[in-house]
Amino acid sequence: MATLVGAPWMRIRFCPEVAPPFLRRSCLYCRSKGIQDFRRIRTFSVSAKNGGEEGNVRVRFAPSPTGNLHVGGARTALFNYLFARSKGGKFVLRIEDTDLERSTKESEETMLQDLSWLGLDWDEGPGVGGDYGPYRQSERNSMYKEYAEKLLESGHVYRCFCSNEELEKMKEIAKLKQLPPVYTGKWANATDDEVQEELEKGTPHTYRFRVRKEGSLKINDLIRGEVSWNLDTLGDFVIMRSNGQPVYNFCVTVDDATMAISHVIRAEEHLPNTLRQALIYKALGFPMPYFAHVSLILAPDRSKLSKRHGATSVGQFREMGYLPQGMVNYLALLGWGDGTENEFFTLEQLVEKFSIDRVNKSGAIFDSTKLRWMNGEHLRVIPLEELTKLIGERWKSTGLLTQSEGPFIDEAVQLLKDGIDLIPDSDKALSNMLSYPLHDTLKSPEAKPILDDKLAEFSASLIAAYDNGEILSALEEGSAGWQKWVKSFGKSLKRKGKSLFMPLRVLLTGKLHGPDMASSVVLIHKAEICGIVAPQVRFVPLNERFKMLRQLDWEALTKDKPLVEATTAASN
């Protein structure tokens, strides 16, 4: 709901939570009025009707292609997408590329790729088309000029011939008087002859919008509630620069109106722009959309999230191995919730649950740790076949394995997946399983109780079982054969439970902790016989592990001598 108050000559009213009807091109043009007629009009009323009806909602995401897609922008796009889909409406993508010096085609293409990767497919926009195009601002200049001329004819806009030096002097004077740095209106009441004289001289000029000096604007923001501004803080503002290029607030108003946008959901940093845009809407006779200003995403120190806090763009997180499902789920929770304790949502579930009235107006903290956890939750519900393909290709591309598929990879993914939050985590998980840090483990304080439990005697029995072929025969039969042998081996040593499995884990894997030991040992054996591990990987096969066990000086270990020296002496 928006109302200009305190100025009876200009009043804008809107019914809450209703969307304006679709605009047709034939009714986009307001009738020209002379400046005298404009000043005599006391009251303006514009109402939006039929709000909330399925299919009447049209929202847009309008990024500027001057860099990467920030997570804040991605969340704004997501909220627009969810609102449109939940209402059966349209999600429009518009590229705001009027900043010709900074806008690049590469940036635009990257943004489109990132949005597609997130699954936020747009109904109208670049690559899709639509009835309200073109969808790049750089291709809409003729339209902006046409509407600027209409405002000039109606008296809402006038030509301003002030130089940059004059404008700077106005700011300095206002600062000395402790007044807002607003335009003084030097050319607001110039005569036709004065204007014509400057035009004939070729003096550069801008188009300035006339702003009433009294009154205020109030809007009912769908997230923030009532927000108001005093008009006397604004001053007459520029809508067209002296080089003929339109200013942002003019472009976006014309675009949103001519594209029949019903709800503008955008970042709170755009909230101050609403004042100028509301005045332009009214002057052109356009219905005003409903506004919803989403809070900023903050860093853990509650400052605005920036590059100094680490990765901030969607592309960076994609390169780090995050899943689009995890990113979408986490971004949705930055300022929104369905009112339950549930935090796991698919995109389809978000569409079903989303409502704008549950978006929080306070800033949301970006927590990288929670994002990683969220990604892991989504990774673990991916169908195993799909996950195996992703990880297998990863292992081959990073040079860990020489193949990307096969029985070894199937079993390795099945074993390691629960300890992986990001696809790249699988590299470390596999490398750890193939490694054999026995020396470091035995030197650790945590290993002392195992050492003291006659680990030397246990090791001798294990070496004997390997030498007589028992272990290899059991491993050939897979996990079932291994489990059967372990039970028999424990019985022969009169050990079971922790006193059996902890020494086995330490001696065979070189670690105190890790994934299922039986599956790990079977996979180590398979890696050895199938030759799938790349040569540069520090893989220690079983035969090398037992060789190291034979060389250990157990007496030196129990006397707390440096293990490296003891092992070297044993080797010599």
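The values are calculated or read from the model by the stated rules, or taken from the named source; none is laboratory data. As the structure is a computational prediction, the values presented were derived from the model and not from experiment. Virtual Cβ from ideal backbone geometry, glycine too; neighbours counted across all protein chains shown. Side chains are part of the model used for accessible areas, which takes the heavy atoms of the whole protein and leaves out ligands, DNA and RNA. Shrake-Rupley method; radii C 1.70, N 1.55, O 1.52, S 1.80 Å.
Derived value for the chain: Kirkwood hydrodynamic radius 29.0 Å. Basis is the mean of 1/r over every pair of different alpha-carbon atoms. Filter the cross-link list LYS417/LYS498; LYS484/LYS559; LYS428/LYS559; LYS498/LYS547 down to pairs whose alpha-carbon distance in this structure exceeds 32 Å. As for pairs spanning more than 32 Å Cα to Cα, those are LYS484/LYS559; LYS428/LYS559. Of GLY129, TYR158, VAL182, which is farthest along the charge dipole of the stretch 51-186 in the positive direction, counting Lys and Arg as +1 and Asp and Glu as -1 at C-beta? With unit charges placed on the Cβ atoms, the residue in question is VAL182. Placing R0 at 22 angstrom, the Cβ-Cβ distance between THR104 and GLU269 gives a FRET efficiency of 0.50 after rounding to 0.05. The listed residues ASP427, ASP255, ASP131, ASP410, once ranked by accessible area (1.4 Å probe) with the largest placed first, stand as ASP131, ASP410, ASP427, ASP255. Relative contact order of the stretch 228-381, taken over Cα pairs closer than 8 Å and 6 or more residues apart, is 21 percent. Applying both filters, DSSP loop and at most 14 other Cβ atoms within 10 Å, to the GluC sites (Glu not before Pro) of the stretch 450-515 gives GLU477. With both partners inside the chain, how many of the DSSP beta bridges are antiparallel, as a percent to the nearest 5? Counting DSSP beta bridges with both partners in the chain, the antiparallel share is about 65 percent.
Between rounded, prolate and oblate, where does the stretch 296-355 land on the alpha carbon gyration tensor, with a ≥ b ≥ c its root eigenvalues, rounded for a/c under 1.5, else prolate if a/b exceeds b/c? Judged from the Cα gyration tensor, the stretch 296-355 comes out oblate (a/c at least 1.5, b/c at or above a/b).
Here LYS361 is the anchor, and the lysines within straight C-alpha reach of less than 20 Å, apart from those fewer than 8 places off in the same chain, are LYS218, LYS304, LYS353. The coefficient of translational diffusion for the stretch 396-501, derived via Stokes-Einstein from the alpha carbon Kirkwood radius under 10 °C and 1.306 mPa s, stands at 96 µm²/s. A straight Cα-to-Cα reach below 17 Å connects LYS511 with the aspartates and glutamates ASP440, GLU446, ASP452, ASP453, GLU544, residues fewer than 8 places away in its own chain not being considered. If you fit an axis through the alpha-carbon atoms of helix 273-284 and take the longest principal axis of the Cα set of the chain, what angle between them do you get, 0 to 90°, nearest 10? For helix 273-284, the angle is close to 40 degrees. In this Cβ point-charge picture (+1 for Lys and Arg, -1 for Asp and Glu), the stretch 175-285 has a dipole of about 340 debye about its Cα centre.
Ligands, DNA and RNA aside, HIS156 has an accessible area near 20 Å² when probed at 1.4 Å.
Each residue was assigned an accessible area with a 1.4 Å probe, and for SER519 the value is about 40 Å². For the pair ASP357 and LEU152, the difference between a 0.36 nm per residue extended length and the Cα-Cα distance amounts to 69.9 nm.
When the Cα positions of LEU120, THR340, CYS251 are compared along the charge dipole of the chain, THR340 comes out farthest toward the positive end, with charges on each C-beta of Lys, Arg, Asp and Glu. Once C-alpha pairs closer than 8 Å and six or more residues apart are averaged by separation and normalised to the residue number of the chain, the relative contact order reads 12 percent. Among the chymotrypsin sites (Phe, Trp or Tyr not before Pro) in the stretch 325-388, those placed in a DSSP loop whose Cβ has at most 16 other Cβ atoms within 10 Å are PHE344.
With the charge dipole of the chain set up from +1 on Lys and Arg Cβ and -1 on Asp and Glu Cβ about the Cα centre, the Cα lying farthest toward the positive end among the listed residues LEU430, PHE501, LEU82 is that of LEU82. Per residue, the convex hull spanned by the Cα atoms of the stretch 137-256 measures out at 140 cubic angstrom. Of all lysines in the structure, the ones whose alpha carbon falls short of 17 Å from that of LYS169, not counting any fewer than 8 places away in one chain, are LYS177, LYS186. Taking THR402, THR509 and ordering them by how much accessible surface each has at a 1.4 Å probe, largest first, produces THR402, THR509.
For the chain, find the longest principal axis of its Cα atoms and tell me its angle to the long axis of helix 384-397, 0 to 90°, nearest 10. For 384-397 against the chain, the angle is about 80 degrees. To the nearest 0.05, what FRET efficiency results for ALA556 and ILE365 with a Förster distance of 41 Å applied to their C-beta separation? Result of the calculation: an efficiency of 0.20.
A DSSP coil position with no more than 14 other Cβ atoms inside 10 Å describes the following GluC sites (Glu not before Pro) in the stretch 73-113: GLU101. Legend: calculated FRET efficiency, ASP131 to GLU198, from the Cβ-Cβ distance at R0 = 41 Å, rounded to 0.05, equals 0.50. Across the protein chains, with a 1.4 Å probe defining accessible surface, the residues SER103, SER242 rank SER242, SER103 from largest area downward. Summary of the geometry: the stretch 483-535 and the stretch 314-364, compared by the centres of their Cα atoms, lie 42 Å apart.
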